[in-house]
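Below is one structure; the comments refer to it alone.
Quick note: the coordinates plus some simple rules give every number you see, no bench work behind them. Predicted, not measured: the structure shown is a model, and the values here were computed from it. Neighbour counts are summed over all protein chains in view; Cβ atoms, including those assigned to glycine, are modelled from backbone coordinates with ideal geometry.
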Amino acid sequence: MADRTVYIETYGCQMNFADSEVVSSILSKAGYRLAPNAGEADFILINTCAIRDNAEQRIRKRVRELKAQQSRRPQLRIGILGCMAERLQSQLMVEEENVSFVAGPDSYRKLPAILDEVARGQKAAATELSTTETYADIEPVRLGANGISAYISIMRGCQNYCSYCVVPYTRGRERSRDPETIVAEATKLYESGYKEVTLLGQNVNSYNANGFTFAQLMAKVAAVSPQLRVRFATSHPKDLGDDLIQTMASHPNICRCIHLPVQSGSNRVLKLMNRHYTVEWYLDRIAAIRRAMPDCSITTDVIAGFCSETEEDHQLTLDLFRQVGYDYAYMFKYSMRPGTYAERHLSDDVPDDVKTRRLEEIIALQGQIALENNRREVGKEFEVLVEGPSHRSPAQHFGRNSQNKVLVFDRRDTQPGQYVQVRVTDCTAATLKGELIETNH
Ligand code: SAH
Ligand code: SF4
Ligand code: F3S
């Protein structure tokens with residue numbers, strides 16, 4: 001067992017990235033070394049996503065690619081973690097015969113025992129879901145390690161059962177982590193130099209720890225230090241209450257940015273999606289956010305071509321995009337997921353070329369909107385948390401403002417982790433360019 005090494009590759013959402021940090025912690029404690037790259041590892045663990053078929057296909061391709069390494073290094077073992085492991089369970093080891101084990105999102109404490117078994121040449125599967133596991137006592141190994149920004153997982157699971165979505169089946173019942181452990185983690189991060197934390201859950205608005213709400217939790221985390229930026233993802237529009245909006249508005253270090261996935265602009269489609277809100281409700285929430293925080297950035301997720309979506313429904317989505325004026329959107333083509341309500345009871349009847357065309361129309365419109373929004377920022381000043389050198393030039397730094405927009409500027413003596421004041425001078429749809437005005441602290 002001495003000096004066995006593991007390498008973890010992560011796909012999917014921020015929750016998966018946070019989970020990989022928990023897995024790294026569990027395995028380091030058990031004596032494993034984290035290998036710097038896949039080529040040096042005895043175990044390659046792939047933390048997977050099942051949200052759309054193309055996410056799964058990409059992972060299968062990667063698993064098959066690894067066969068070449070396995071024939072050169074026969075001791076190499078491959079394991080699948082995460083949502084695809086949970087969805088397909090041991091069937092995945094039959095379909096991909098070079099996989100030695102599968103472990104679902106609630107089974108990570110078993111990994112040291114599983115790896116022992118696998119090293120002895122056995123296969124293993126652990127896919128039981130839990131109603132209580134939150135990994136609250138495990139201090140994640142920060143893999144994203146820029147030392148500035150970190151994720152904190154505050155709840156697990158989801159039971160909203162949006163009709164298209166596989167997550168309730170891959171992540172199980174919703175459960176909230178004890179607030180004290182969350183505040184303690186944020187405090188520790190701040191004390192070790194971090195400047196930003198993002199609180200994560202599939203629907204953070206339904207966080208509830210024995211009556212302690214998400215808004216109350218945000219206030220507590222924001223109180224760790226005015227120098228610590230606090231972000232969160234994701235908010236479900238049906239549960240976005242005025243209490244959270246008020247808490248955000250009264251704490252300048254809670255970032256002015258809300259990700260509020262809308263999915264469709266048609267009430268008929270929203271109902272079929274089981275989203276539990278209407279376009280009118282959604283727009284009322286947007287209005288409430290803008291009343292309390294006129295400078296708040298709003299971003300979204302949308303699905304093109306859901307079951308029975310008509311041209312008229314699609315136009316309503318485009319109208320909604322124009323009305324809200326999102327700063328950013330994650331835009332997807334509907335992908336039917338086995339086992340979901342939509343797969344069992346609705347028909348995936350929008351032809352693929354129509355889905356593609358509708359998605360392209362949304363993407364084109366969103367590109368224009370983002371550019372117009374950014375043009376309105378030209379001339380304004382923002383506090384920016386410096387993250388590092390820009391991709392284009394080492395003479396430039398980049399960072400984000402409270403609205404989560406990327407700003408690029410000539411660096412002078414700025415350092416990553418510093419807050420600086422930047423005036424916007426120019427923009428593209430994706431980036432603001434600016435000039436440094438002052439270094440704050
Ligand atoms: N819990 C978050 C979203 C998690 S999944 C929420 O409810 O907002 C991220 C996004 O993937 C969803 O918002 C949705 O837009 C998209 N998505 C989920 N299932 C999908 C599917 N079957 N096909 C296409 N997109 C999907
Ligand atoms: Fe999926 Fe809906 Fe839960 Fe989000 S809220 S994870 S879209 S079921
Ligand atoms: Fe994918 Fe699972 Fe996240 S399906 S989006 S990794 S919760």
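Where does the chain land at 222 nm, in deg cm²/dmol rounded to the nearest 500, when only DSSP H runs of n ≥ 4 count, each adding -39500 (n - 2.57), divided by all residues? Numbers along the way, then the final one.
Values: 15 runs with 156 residues, N = 441.
Calculated mean residue ellipticity at 222 nm is -10500 deg cm²/dmol.
Can you list the residues, at least 5 places off or on another chain, whose amide H is less than 5 Å from the amide H of SER308, using H built in the peptide plane?
For SER308, whose amide H was placed from the backbone, the distant partners under 5 Å are ASP349, VAL350.
Residue by residue, what Karplus-based ³J(HN,Hα) values in Hz, rounded to whole numbers, does the stretch 391-407 have, using 6.51, -1.76 and 1.60 with θ = phi - 60° and x for Gly and Pro?
Once θ is set to phi - 60°, the couplings for the stretch 391-407 become 5, 6, 8, x, 7, 10, 10, 10, x, 10, 8, 4, 6, 6, 7, 7, 10 Hz.
Taking the stretch 5-126 as the region of interest, what is the percent of Cα-Cα pairs per 5 angstrom bin, listed from the shortest bin to the one with the maximum distance?
Spelled out bin by bin, the stretch 5-126 gives 2, 12, 24, 28, 22, 10, 2, 0 percent.
Would you work out the charge dipole size for the chain about its Cα centre, treating the Cβ of every Lys and Arg as +1 and the Cβ of every Asp and Glu as -1, and quote it to the nearest 20 debye? Spell out each step's value before the answer.
Values: 54 positive and 56 negative charges, 116 e Å.
Approximately 560 debye in magnitude.
Could you check the spin-label model distance between ARG375 and GLU191? Points 7 Å from the Cα along Cα→Cβ, value in nm.
Here the answer is 5.0 nm between the modelled labels.
Give me the dipole magnitude in Debye, nearest 20, for the stretch 5-126 about the Cα centre, with unit charges on the beta carbon: positive for Lys and Arg, negative for Asp and Glu. Intermediate values should be presented prior to the final figure.
Working: 17 positive and 15 negative charges, 52 e Å.
That gives a dipole near 260 debye.
Run the numbers for ARG60 and LYS29: contour at 0.36 nm per residue of separation, minus the present Cα-Cα distance, in nm. Numbers along the way, then the final one.
On the way: separation 31, 0.36 × 31 = 11.16 nm, distance 2.96 nm.
Fully extending the segment from ARG60 to LYS29 adds 8.2 nm.
What does the charge count around CYS158 come to, taking other residues whose C-beta lies under 11 Å from its C-beta (Lys +1, Arg +1, Asp -1, Glu -1)? The partial results should precede the final answer.
On the way: positive: ARG156, ARG171, ARG173, ARG175; negative: GLU174.
So the surrounding residues net to +3.
Multiplying the sequence separation of GLN323 and GLU95 by 0.36 nm and subtracting their Cα-Cα distance, what value in nm do you get?
Numbers: separation 228, 0.36 × 228 = 82.08 nm, distance 4.63 nm.
Length gained between GLN323 and GLU95: 77.4 nm.
List the extent of the Cα atoms of the stretch 149-375 along each of their three principal axes, largest first, rounded to whole Å.
Taking max minus min along each principal axis of the Cα atoms, the stretch 149-375 gives 53, 43, 28 Å.
Filter the DSSP H helices in the chain by two things, a Kyte-Doolittle mean of at least 0.0 and an axial alpha-carbon span of 15 angstrom or more, and list the hits by number. Provide the component values of the computation, followed by the final result.
Values: long enough: 14-29 (23 Å, 0.13); 53-65 (18 Å, -2.22); 179-191 (18 Å, -0.20); 279-292 (20 Å, -0.02); 311-324 (20 Å, -0.79); 352-377 (37 Å, -0.97).
Qualifying helices: 14-29.
Positive end of the dipole of the chain, charges at C-beta (+1 Lys, Arg; -1 Asp, Glu), about the Cα centre: which of VAL279, PRO36, ILE254 has its Cα farthest in that direction?
Selected residue: PRO36.
If you average 1/r over all unlike Cα pairs in the chain and invert the result, what Kirkwood radius do you get in angstrom? Provide the component values of the computation, followed by the final result.
Working: mean 1/r = 0.0431 Å⁻¹.
Averaging 1/r across every pair of different Cα atoms and inverting gives 23.2 Å.
Round to a whole angstrom and tell me the spacing of the C-alpha centers of the stretch 176-247 and the stretch 71-109.
Going from one Cα centre to the other spans 33 Å.
Tell me, what is the percent relative contact order of the chain, built from C-alpha pairs under 8 Å that lie six or more residues apart?
Working: 893 pairs, mean separation 42.8, N = 441.
Result for the chain is 10 percent.
Quick one: dipole size for the stretch 76-135, taken about the Cα centre, charges +1 on Lys/Arg Cβ and -1 on Asp/Glu Cβ, in debye to the nearest 20.
On the way: 6 positive and 9 negative charges, 33 e Å.
About 160 debye.
Given 10 °C and 1.306 mPa s, compute D for the stretch 257-340 with the Stokes-Einstein relation, Rh being the Kirkwood radius over Cα pairs; round to the nearest whole µm²/s. Before the final figure, lay out each step's value.
On the way: Rh = 13.3 Å.
Roughly 119 µm²/s, to the nearest whole number.
Report, in whole Å, the centroid distance computed from the Cα atoms of the stretch 252-309 and the stretch 344-383.
14 Å
Can you give me the Kirkwood hydrodynamic radius for the stretch 72-127, using every pair of distinct Cα atoms, in Å to one decimal?
On the way: mean 1/r = 0.0902 Å⁻¹.
It is 11.1 Å.
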